[in-house]
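A.B. asks: Would you mind keeping the following structure in view while I ask a few things?
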Amino acid sequence: MQRIDHVLALSTPGAQLTVTRWHFGMLGARPKVFIQAALHADELPGVLVAHEIKQKLEVLEQAGLLRGEVILVPVANPIGLAQFQNSTQHGRFDGQTGRNFNRGFPDLVDAVAALIESQLTNSAENNLHIIRDALSCALQQLTVNSQLEALQCHLFDLALDADLVLDLHCDSEADLHLYAHREQLPIVQVLGAYLGVAAILYADEQGGQSFDDALTRQWYQLKKRFPSYPIPVGCTAVTVELRGQSDVNIKMALADADAIIKFISWHSSPSANKVEALHTVQQKSTPLNFTEILASPISGIVSYTISYGVEVSPGTCLAVIVNPISGETLELITQSGGIYYARNASRYVAAGTEVCFVAGDSIQRNTDNLLSS
Ligand SMILES: [Zn+2]
């Protein structure tokens, strides 16, 4: 195990922010796994899970049972972790730029396409290495203009050539769920089975260049650009939503860490050993653009009528919004039905606020930007 501290560029004079990572296994060994927690710095369940993963990886490494290399970043966002206003932490948006920490990761497709155009071969294995080198080269050529961009480029650099990326987040109040690329579902469903997730939400592109989406999207885009060459997808990336923001406790973290370690072990095992799980795991998955988001049309107090983490039928009332001045009350009723996997922790909502989230399969959202702000 090796600890490396990376000092973020463009720090405030007199202050210094550091991203610490732990390396396990042999440098450069395959598969390479990258795990980070709390890119949204106020989403802390993953930090505790990363703490437990670290201890389990140490044991595996010392016993000689770790295949490949694992990089673990337990606190991915020291900028957001330190952002407080009036005693309240603000870990989702960067205070300087106003940008969501998990949007706008680099789009390297054009730069990489120009670099590899004359290098591609008829060997998928060769092309994998050519593209990974080009991705790294294209990233190094970017200019960072803020500490946020310095952070994003650093994290992207660490994960850019990883075979497997797990980005540990959580929702406001929620059951366990995953975000994944549609074509990566066979692998992601195995992770879902180990974790016991309530839902897997998938898309070809989520929109917004979130960390996992940006890492996978570039491979699929390059496949489209160069259809006459065999281009593999070099990275499986998943956003793991570890329940809600207040679901931080050692018992759950131990169980989640155990599940993730089992998944990593499965992922790094020889391909013949994987086939059985790939064929037997049938975790329910839902297209992300079929997620029903119930927003409140009025401002008011939220009273939830049923617990989340359950399957609901179309027509079920999930919450009542009360305007205490006008006396108006309004029911939020799911049209699609499905798995009621998340809800807003705030008990006061302004008009237009997204309140309840249901993974359904009957009502399609027509938008290129499938993620919440
Ligand atoms: Zn998040």
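The values are calculated or read from the model by the stated rules, or taken from the named source; none is laboratory data. This structure is a prediction, so every number in the text was calculated from the model and none was measured. Don't worry about glycine lacking a Cβ; one is built from the backbone with ideal geometry, like all the others, and counts go over all protein chains shown. Just so you know, the surface numbers come from the protein's heavy atoms only, side chains and all, with ligands and any DNA or RNA stripped out. Shrake-Rupley method; radii C 1.70, N 1.55, O 1.52, S 1.80 Å.
A.B. asks: Take the Cα atoms of the chain, find their three principal axes, and give me the spread along each one in whole Å, biggest first.
C.D. replies: In descending order, the Cα extents are 66, 55, 45 Å.
A.B. asks: Give the Cα extents of segment 289-359 along the principal axes, in whole Å, largest first.
C.D. replies: Projected onto the principal axes, the Cα atoms of segment 289-359 cover 34, 19, 18 Å.
A.B. asks: What does the net charge come to around Gly80 if you take all other residues with beta carbon closer than 12 Å to its beta carbon, with K and R at +1 and D and E at -1?
C.D. replies: So the environment of Gly80 carries a net charge of -1.
A.B. asks: Just for the chain, what percent of DSSP beta bridges are antiparallel, to the closest 5?
C.D. replies: 60 percent
A.B. asks: For segment 181-325, what proportion of DSSP beta bridges, expressed in % and rounded to the nearest 5, is antiparallel?
C.D. replies: So the antiparallel bridges in segment 181-325 amount to around 50 percent.
A.B. asks: Once the other residues with Cβ under 14 Å from the Cβ of Val310 are scored (Lys, Arg +1; Asp, Glu -1), what is the net sum?
C.D. replies: -1
A.B. asks: Sort Met1, Met26 by heavy-atom solvent-accessible area, probe 1.4 angstrom, most to least. Please report the intermediate quantities before stating the final value.
C.D. replies: Numbers: Met1 95, Met26 140 Å².
Final ranking, largest accessible area leading: Met26, Met1.
A.B. asks: Then there's this: For the chain, what does -39500 (n - 2.57) per DSSP helix run (n ≥ 4), summed and divided by total residues, give at 222 nm, in deg cm²/dmol to the nearest 500?
C.D. replies: -9500 deg cm²/dmol
A.B. asks: Turning to a different aspect of this structure: Pick from Ile301, Ile231, Ile325: which residue has the top mean-square fluctuation in a GNM of the chain where Cα pairs under 10 Å get a spring?
C.D. replies: Looking only at Ile301, Ile231, Ile325, the largest GNM fluctuation is found for Ile325.
A.B. asks: Right, here's the next one. Enumerate the amide H contacts of Val165 below 5 Å, restricted to partners 5 or more residues apart or on another chain; note that Pro and chain-start residues carry no placed amide H.
C.D. replies: HN-HN under 5 Å from Val165: Phe34, Thr236, Ala237, Val238.
A.B. asks: Further, regarding this structure: Among DSSP beta bridges lying fully in segment 1-157, give the percent that are antiparallel, nearest 5.
C.D. replies: 70 percent
A.B. asks: Could you tally the net charge around Thr236, taking each other residue with its Cβ under 10 Å from the Cβ of Thr236, Lys/Arg +1 and Asp/Glu -1?
C.D. replies: Details: positive: none; negative: Asp163, Glu183, Asp212.
Computed value for this residue: -3.
A.B. asks: What do you get for the angle between helix 45-62 and the principal long axis of the chain? Use alpha-carbon atoms, 0 to 90 degrees, nearest ten.
C.D. replies: That works out to roughly 30 degrees.
A.B. asks: What residue among Phe226, Phe105, Phe263 shows peak mean-square fluctuation when the chain is described by a Gaussian network model with Cα springs under 10 Å?
C.D. replies: Phe226
A.B. asks: While we're here: Keeping every protein chain in place, order Lys32, Lys54 by accessible area at 1.4 Å, biggest value first, i.e. largest first.
C.D. replies: Output order, biggest surface exposure first: Lys54, Lys32.
A.B. asks: Under 26 Å Cα to Cα from Lys56, which lysines show up? Leave out anything in the same chain fewer than 8 places away.
C.D. replies: Excluding near neighbours in sequence, the set is Lys32, Lys251, Lys262, Lys274.
A.B. asks: Here is a further query. By how many degrees, 0 to 90 and rounded to 10, does the Cα axis of helix 124-140 deviate from the longest principal axis of the chain?
C.D. replies: Value to nearest ten degrees: 70.
A.B. asks: Cut-off 10 angstrom, C-alpha nodes, Gaussian network model of the chain. Which of Glu331, Glu149, Glu292 fluctuates the most?
C.D. replies: Per the Cα network of the chain with a 10 Å cutoff, Glu331 tops the list.
A.B. asks: With axes computed from alpha carbons, what is the tilt in degrees of helix 250-268 against the longest principal axis of the chain, rounded to the nearest 10 within 0 to 90?
C.D. replies: On a 0 to 90 degree scale, this one is about 40.
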